[in-house]
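The values are calculated or read from the model by the stated rules, or taken from the named source; none is laboratory data. A quick note: this is a predicted structure, and the numbers were derived from the prediction, not measured. Here Cβ is always computed from backbone atoms with ideal geometry, including for glycine, and neighbour counts include all displayed protein chains. Side chains are part of the model used for accessible areas, which takes the heavy atoms of the whole protein and leaves out ligands, DNA and RNA. Shrake-Rupley method; radii C 1.70, N 1.55, O 1.52, S 1.80 Å.
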Amino acid sequence: MRGIVKLFPGVRALDGVDLEVRAGEVHCLLGQNGAGKSTLIKTLAGAHQPDAGEIVWRGEAITLPSPVAALKRGIATMYQELDLIPSLSVAENVFLGHERARFGFTRPAAARAETAALLERLGHAEISPDEEVGRLSAAGQQLVSMARALAHDARLIVADEPTAALASDEVDNLFRIIAELTASGVAVVYISHRLEEIRRIGHRVTVIKDGRTVAANLDARESPTSDLVDLMAGRKVQTAFREVGEATVELGDVLLDVRGLSRDGEFRDVTFSVRAGEIVGLAGLVGAGRSEVLETIFGARKADAGTVSVDGRTLRPGSVASAVKAGVGLAPEERKSQALLLDMSVTHNVTLASLDEYSRLGFSQRGRETRDSASTLDRLDLRPADPWRLVRTLSGGNQQKAVVARWLVHGCRVLLLDEPTRGVDVGARAELYRLIHELAATGVAIVLVSSEIPEVLGLADRVLVLREGDVLADRPANELTEGDVLDMVMEGSAA
Amino acid sequence: GCTSNEPEQQNNPQQQNLAQGDNAQPGQPVTIGFSAPAADHGWMAAMTINARSAAEQFSDVTLNATEGTNDVNQQIAQVESLINAGVDVLVILPFDGKALTQVGRQAMDAGIPVVNVDRVFDTPLAYRAWIGGDNYRMGVNAGNYIAERLQRENVNNPVIGEVAGIDSLPLTQERSQGFRDALQRHGLSVGPRVSAEFTPESGERQTANLLQGAQTLHALWNHDDDQGVGVVAAIENAGRNDFFMVGGAGSTNMMNLIKADSGPVKATVLYSPSMASSAIAMARLLGQNKGLGDLAEHEIPSEITTYSAVVTRENVDNYMDVGFDS
Amino acid sequence: MTKALDRPPVRSAGVSALRRSVRFDVRLVGLAGVLVLLCVIGLITRPETFLTQDNLSTMLRLAAAIGVVSVGMTFVIIAGGIDLSVGSIVALSSVWMTTLATQSYGPVVMVLCALLVGLGCGLINGALVSYGKVVPFITTLAMMASARGLAERLSGRQTQVVTETGFTDFFRASVLGIPVLVIMLALVFAVGWIVLNRTTFGRRTYAIGGNAEAARLSGINVKLHTALVYGISGLCCGIAAIMVVARTTSGASTNGLFYELDAIAAVVIGGTLLSGGRGSLIGTLIGVLIFTVLNSIFTQNNLDTDIQNIAKGAIIVGAVLLQHTTARRRKRKPPARTDPDPQPTNTNGSQS
Amino acid sequence: MTKALDRPPVRSAGVSALRRSVRFDVRLVGLAGVLVLLCVIGLITRPETFLTQDNLSTMLRLAAAIGVVSVGMTFVIIAGGIDLSVGSIVALSSVWMTTLATQSYGPVVMVLCALLVGLGCGLINGALVSYGKVVPFITTLAMMASARGLAERLSGRQTQVVTETGFTDFFRASVLGIPVLVIMLALVFAVGWIVLNRTTFGRRTYAIGGNAEAARLSGINVKLHTALVYGISGLCCGIAAIMVVARTTSGASTNGLFYELDAIAAVVIGGTLLSGGRGSLIGTLIGVLIFTVLNSIFTQNNLDTDIQNIAKGAIIVGAVLLQHTTARRRKRKPPARTDPDPQPTNTNGSQS
Ligand SMILES: Nc1ncnc2c1ncn2[C@@H]1O[C@H](COP(=O)(O)OP(=O)(O)OP(=O)(O)O)[C@@H](O)[C@H]1O
Ligand SMILES: Nc1ncnc2c1ncn2[C@@H]1O[C@H](COP(=O)(O)OP(=O)(O)OP(=O)(O)O)[C@@H](O)[C@H]1O
Ligand SMILES: [Mg+2]
Ligand SMILES: [Mg+2]
């Protein structure tokens, strides 16, 4: 791809990007949130038409007027936003658009069998090809998306942040498949904000910034991390967690108290408490029920047993209103379905949970609202820096920033963060960590869920490890190593 | 606490002269099936109400009335289910005469006499007796009255407006045709014309627009007194008093206005829902194998056309009894 | 990958397949329960006449036209659209097929004419929606007005009687005691079911309704497909027009009044989401039958129209609430759905 | 933004606010263009009468009732619902307020009666939708049948004339040459606009329509809010009933026929998405006016009903296509909309 330009109303998303991918390599694409990575690969997939530039495929210049054209040439794409049909079954999603059919009649048995084989290859034979995709967890859906890309027998597979929803073991699994593919001569374009992944599987790296290629074809293993980060951000970024030894904040009284919380088939007897200023991390594999615990604390799901109390007052089970009144906030896991109003502006999204704070007698105070949300967004480096842009037109990582910003603006006393850094670039991530610490310092109790174990260990004061709905351990973070946690979640044997 | 306006009056406005002489004596029990279009406006509601109250007067009559519907398909099914239910006589006011002809025949073939009311079937094979109004003559009488009145008032080149009913119904077309023909006979023609939907609201809306388009107007014929309430309101809203208006069907309301003679309404042309009462009476007699008492004939006649008399201030008192509450 | 077996399943396979089929059944079972309940009420109130073969065939024949229209509507709604023009297209087709000119060519041409007119109108709808990008509500509202106007113009607002007895004889006949119309209804439903559930076309229809952008990225020609779906709806209207003409032996511009509401109501009560992507033809069939039976009970029990209306509203809501309770009792609602969901439109929202 | 500063200033606020208003304007400008075009056609065909003050005030008076209903409908649709019962609620309110019993208490009680009946019906709708979890289409369809039936029962299907002259005198009067009905319409629109755009209630309405789950997780009481939104729609129907009664000097169960279609059409043509979360009251107002002007042009030019219908369909589609072209010419369409998008419901689906 040479000199690709793509214009969106008000934004030059791509401004002359070059990308060169060789057969059999894993080519990593790096860039900040909103740099144009997803836009670039959508151009490659035929989903967007470039305004300028050319695509050369095996020596000949081609145009890709539609996704079909790209698929026909052997370019399969796993989009950043899981583009699956929630109401269809796994098998139907995998073969959508290239159904196993005879004379237009589907052959569900064939599709099912092939899907089962693909899923087995992905190490997840337990996912039924007949299951409705909408009922799978985010990780399950990511796997289906992967199976779909594999089903195309493509020459080039493009993966846009495939690991954002995955935990470490799933990531290993994915990398094994990618290694198999490249060994058979398939090229892979790989996008991720986790630099350590790029080290593990990448061959070469292209860095884009603000729609331009700033560095092409670097060696993935040799280039120093700091150089890559600097290239992406165009400035020096500190990516550290709180310095070890830095005086931890003075912890206050117990603010959030969870006792014997259970939900049928999801988790059992979860008991822990969080003190003012404390950060508690929940670690576990995908499907361990961490999200469910947070949602139940928040009242979005009704607990079957157990109580949640804030500052000594017990919350009404299954009532979000009662939780909100007590000062609890939840930044949910799935940004699109649970958090964002795609057709509203960033500002309006950010202040959604704080409407009462930004109103007098029911009338909104738009000036104050705009000011506060803009300054939070500024800190998170949301791009493009237009507080009135519709959230729909933001890049994935920037949308995530808007979700987190909503709860930073909202003055709550207990903050439940579910995967707050999913898809967020390195620079903004550091800023986010700093903000979380600042909040804790002001006496907010924070519960954090993340699939990245280093992140949990680095941020939290205390860590709860969950496995299949059971709490395995509740320890201070500095007594645990990544290995300990991994062992626990995999084996279930408390080390 | 919430009742309609005139509860006593609404039920049985014209029951006094239904059956006289021998025919008044109870005879063998008769089950009458009744099917009509949706009672979605005053006239049609009056038809159903009249049919029911007529049936109540006869101790020997059981009325099996179906839900009114404006879907011919559904009306066919209703008549079929009445046939299935084994009624003795059918009284059918079809939404569309031609479309229900088949089912009328079906009933006749099954030996159930059919009294066809108002909108006529396509073939006499489908009914035993027909009673209905004369839409064409209604238009003619309205046209004649207007033309003559304008001539009396010496108006030159008069502008004559028309507020028709639902345009897609044959009855509306017949009325309009009669109106046109009558005016033509007097060398006049119809000026601005709108069509409303038999409801006061549509009458008001369409008339308001018509009046805007017609800054001069000498006479206005409104097909239907239900929508007439709205037509009169629109004339008042526009503050117009430069023309007179003639109604249609003959509601009590319009007759009162004619009697009061203070507004634009000077006359109305009858198309009385009393025909529904007559139809029930005829159906009963058919079921009992009797004829109409006053006629020499042994049987019920096969067709009866009611007359569209013009009600004016002079004769309104004679007609108050057939006025219906729109 | 050594510990593959140890890992908590992302989704447990066997159970979920079972669950899924159960979940489907429960909705339809609830609905069928309502239908049976209505039949029982009919039987109790009118024991002599309600369940006679005569009455059944009357009810089914009445259900035929609206049933066929509802099949097309189900396709459109599953694909995420709406078709308000069905009633008008039925009127136009019925008028066009019964003009003197058309009738002079004989029954086969009449039938073809109805089908082509219906299909044509449907495709115009489809083209405007997918290539013209006019929202379905507006497109079909416009077609609703235009087709009805054209029908009035063509017929001069006269009811056109069918003189071609070959036509009426055929469509009013019965085969083995089953009216031809009912057989047609069954056929249309069967074909519709197969297309929707067993062909790529059908699965793609679901896909487009579920997430049009994802469908496009999967290489589906969403525009063409959408246009065709409206074509199907139009074609169904053509078939319904034939049925109406056969029933009434006439074509009129007043045919098909309110079919749009009746059909949408049947589809929605049958469990198809107005937001698209989900739905079943069986549900639609039951929905149509519920309304037909309800009408029949009302008529046979001689209820006043106003009471009927009041009761109808209550029964519709009651039926849906009953369905919910059945479904809830079985505790099969997935957690994501326990939320208020003031409108199903949003459940579609998206994922991760 | 290519070579902006290292970190572009977050608020190029001035520019972006401008942009934002421009984006909004373009849609509405296109729509307003259509309205102006229609007025020009009216002026050309009926130069003497069309733009007179008399005719303008007549048109606005005719638009008043449907305009007020459309305000409520806009709220409901933005919140992601639909209200099919508006016409029936208008009928019921108009009948209830004009019964002899109500009239005997004088004009103030009549007005209160209409408002309370409307509000009550709306809240019943709302409660069923949000607490009963019955989909809005079915709930309001049921209310449509029931309210109309109740209106028929109350009135015995008779037109109830208003004898209370205090009532008619007040509402049929003019203030400074502007009819009271038109002033009421303006007031309802103004209040509606403020509530929708300047209060937290309005913001929450958009939020619920945009993503009910997100709204719920942000601590909004989605159920209560949804119920209230239907209450607003009902209240608007009550106001509209007062207007209809004032205009026709009577209450009748036939009032408000087809208001649901007219109101939804006005709202949708005004750019509000049926899937919720987006829309503007100004668009709705222009939509209402477009339909009113169209009607006025038709009647004043003495067109046949059938031609009117055909033309109406063509004009509606034409208007929307024209809007699109304007929007495209300005290149202001966000790319998410350039794809097939057979129905707006799905745009929610996804994208990068
Ligand atoms: N549909 C759209 N309309 C308008 N602007 C868009 C649209 N899609 C993307 N953009 C803009 O294009 C730019 C590039 O977005 P893109 O999604 O390619 O970023 P990205 O590199 O994938 O970021 P991330 O790491 O957050 O996923 C962003 O500024 C974004 O706001
Ligand atoms: N809508 C649903 N219907 C049925 N089962 C579900 C649904 N959502 C989640 N589950 C199941 O609940 C369990 C826990 O879900 P989930 O994946 O959200 O847990 P988690 O620990 O939060 O993992 P993640 O790392 O993805 O956040 C899984 O077994 C999952 O399959
Ligand atoms: Mg991206
Ligand atoms: Mg989770």
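The table for this structure:
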item	result
Given (1) surrounded by fewer than 24 Cβ atoms within 10 Å (Cβ to Cβ); (2) within 14 Å of chain D (Cβ to nearest Cβ), number of the condition B:Q151 does not satisfy	(2)
Test: residue in the stretch C:178-185 that is under 30 Å from A:L88 (Cβ atoms) and in contact with a helix residue (DSSP H, G or I) (Cβ under 9 Å, 6 or more places away or on another chain)	yes
Strands (runs of 3 or more DSSP E) within the stretch B:181-282 that include 2 or more residues away from every other protein chain (no Cβ under 14 Å) and either out of contact with any Gly (no Cβ under 9 Å at 6 or more places or on another chain) or open to solvent by less than 20 Å² (accessible area, probe 1.4 Å) (or both)	B:219-222, B:244-249, B:265-270
Filter result (at the interface with chain C (Cβ under 7 Å from one of its Cβ atoms) and either of a type in the set (D, E, K, R) or within 25 Å of the chain's Cα centre (by Cα) (or both)) within the stretch D:127-138	D:L128, D:V129, D:S130, D:K133, D:V134, D:V135, D:P136, D:F137, D:I138
Residue, farthest from the other protein chains (Cβ to nearest Cβ), within the stretch D:271-282, restricted to residues that are open to solvent by less than 10 Å² (accessible area, probe 1.4 Å) and farther than 17 Å from D:A65 by Cα	D:T272
Answer residue from the stretch A:61-80, given it is among the hydrophobic types (A, V, I, L, M, F, W, C), open to solvent by 30 Å² or more (accessible area, probe 1.4 Å) and at the interface with chain C (Cβ under 9 Å from one of its Cβ atoms) and is nearest to A:A116 (Cα to Cα) among those	A:L71
Subset tally (residues that are open to solvent by less than 10 Å² (accessible area, probe 1.4 Å), assigned to a helix (DSSP H, G or I) and either β-branched (V, I, T) or away from ligand 3 (no atom under 16 Å from the Cβ) (or both)) for the stretch A:179-199	1
Candidates A:L118, A:L96, filtered to the one that is over 15 Å from C:Y206 (Cβ atoms), of a type outside the set (F, W, Y) and touching a residue at least 24 places away in the same chain (Cβ under 8 Å)	A:L118
For A:G74: the one exception among (1) free of Cβ contacts under 8 Å to residues at least 24 places away in the same chain; (2) more than 22 Å from A:R422 (Cα to Cα)	(1)
Filtered residues of the stretch B:25-80 (kept if β-branched (V, I, T) and within 12 Å of chain D (Cβ to nearest Cβ))	B:T48, B:I49
The lone exception for A:D83 - which of (1) under 30 Å from A:R199 (Cα atoms); (2) open to solvent by less than 10 Å² (accessible area, probe 1.4 Å); (3) away from ligand 4 (no atom under 16 Å from the Cβ); (4) more than 7 Å from chain C (Cβ to nearest Cβ) it fails	(4)
Pairs, first open to solvent by 10 Å² or more (accessible area, probe 1.4 Å) in the stretch A:321-339, second within 16 Å of ligand 1 (Cβ to nearest atom), C-beta under 6 Å, six or more apart	A:E333/A:E419; A:E334/C:S352; A:R335/A:Q399; A:R335/A:Q400; A:R335/A:V403; A:S337/C:S350
Counted residues, the stretch B:285-326 - those being open to solvent by less than 60 Å² (accessible area, probe 1.4 Å) and either in contact with an Asp or Glu (Cβ under 6 Å, 6 or more places away or on another chain) or part of a helix (DSSP H, G or I) (or both)	9
Scope the stretch D:139-157; condition out of contact with any Pro (no Cβ under 8 Å at 6 or more places or on another chain) and open to solvent by 10 Å² or more (accessible area, probe 1.4 Å); matching residues	D:L141, D:M143, D:M144, D:A145, D:S146, D:R148, D:L150, D:E152, D:R153, D:L154, D:R157
Condition met for A:E180 (at positive phi and modelled with pLDDT of 85 or more)	no
Single residue of the stretch A:112-131 satisfying the filter (surrounded by fewer than 22 Cβ atoms within 10 Å (Cβ to Cβ), among the acidic types (D, E) and at the interface with another protein chain (Cβ under 7 Å from one of its Cβ atoms)) that is farthest from ligand 1 (Cβ to nearest atom)	A:D130
Identity of the residue in the stretch A:18-34, within 16 Å of ligand 1 (Cβ to nearest atom) and more than 14 Å from chain D (Cβ to nearest Cβ), that ends up surrounded by the fewest Cβ atoms within 10 Å (Cβ to Cβ)	A:D18
Within the stretch A:383-495, helices (runs of 4 or more DSSP H) holding 1 or more residues that are over 20 Å from A:V171 (Cβ atoms) and either without any contact (Cβ under 8 Å) to a residue 12 or more places away in the chain or within 16 Å of ligand 3 (Cβ to nearest atom) (or both)	A:396-409, A:426-441
Some residue of the stretch C:203-211 being in contact with a helix residue (DSSP H, G or I) (Cβ under 7 Å, 6 or more places away or on another chain) and more than 8 Å from every other protein chain (Cβ to nearest Cβ)	yes
Flag for B:L150 being touching a residue at least 40 places away in the same chain (Cβ under 8 Å), more than 17 Å from the chain's Cα centre (by Cα) and not in a helix (DSSP H, G or I)	no
Strands (runs of 3 or more DSSP E) contained in the stretch A:248-360 and holding at least 1 residues among the aliphatic types (A, V, I, L, M) and within 12 Å of chain D (Cβ to nearest Cβ)	A:328-331
Members of the stretch A:405-447 found to be within 16 Å of ligand 2 (Cβ to nearest atom) and either closer than 25 Å to A:E357 by Cα or within 13 Å of chain D (Cβ to nearest Cβ) (or both), listed by number	A:L416, A:L417, A:D418, A:P420, A:G423, A:V447
Residue match in the stretch A:423-432 (condition: within 18 Å of the chain's Cα centre (by Cα), open to solvent by less than 30 Å² (accessible area, probe 1.4 Å) and within 16 Å of ligand 4 (Cβ to nearest atom))	yes
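So that you can scan it fast, the table gives a plain yes or no per residue for (1) hydrophobic (A, V, I, L, M, F, W, C); (2) within 23 Å of A:A179 (Cα to Cα):
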{"position": "A:Q49", "(1), (2)": "no, no"}
{"position": "A:V68", "(1), (2)": "yes, no"}
{"position": "A:K72", "(1), (2)": "no, no"}
{"position": "A:H98", "(1), (2)": "no, no"}
{"position": "A:G104", "(1), (2)": "no, no"}
{"position": "A:A111", "(1), (2)": "yes, no"}
{"position": "A:A116", "(1), (2)": "yes, yes"}
{"position": "A:A125", "(1), (2)": "yes, yes"}
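One line per residue, one yes/no per condition, for (1) in contact with a Lys or Arg (Cβ under 8 Å, 6 or more places away or on another chain); (2) within 12 Å of another protein chain (Cβ to nearest Cβ):
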position	(1), (2)
C:I78	yes, yes
C:V90	no, yes
C:T99	no, no
C:Y105	no, no
C:T140	no, yes
C:L150	no, yes
C:V161	yes, yes
C:E164	no, no
C:F167	no, no
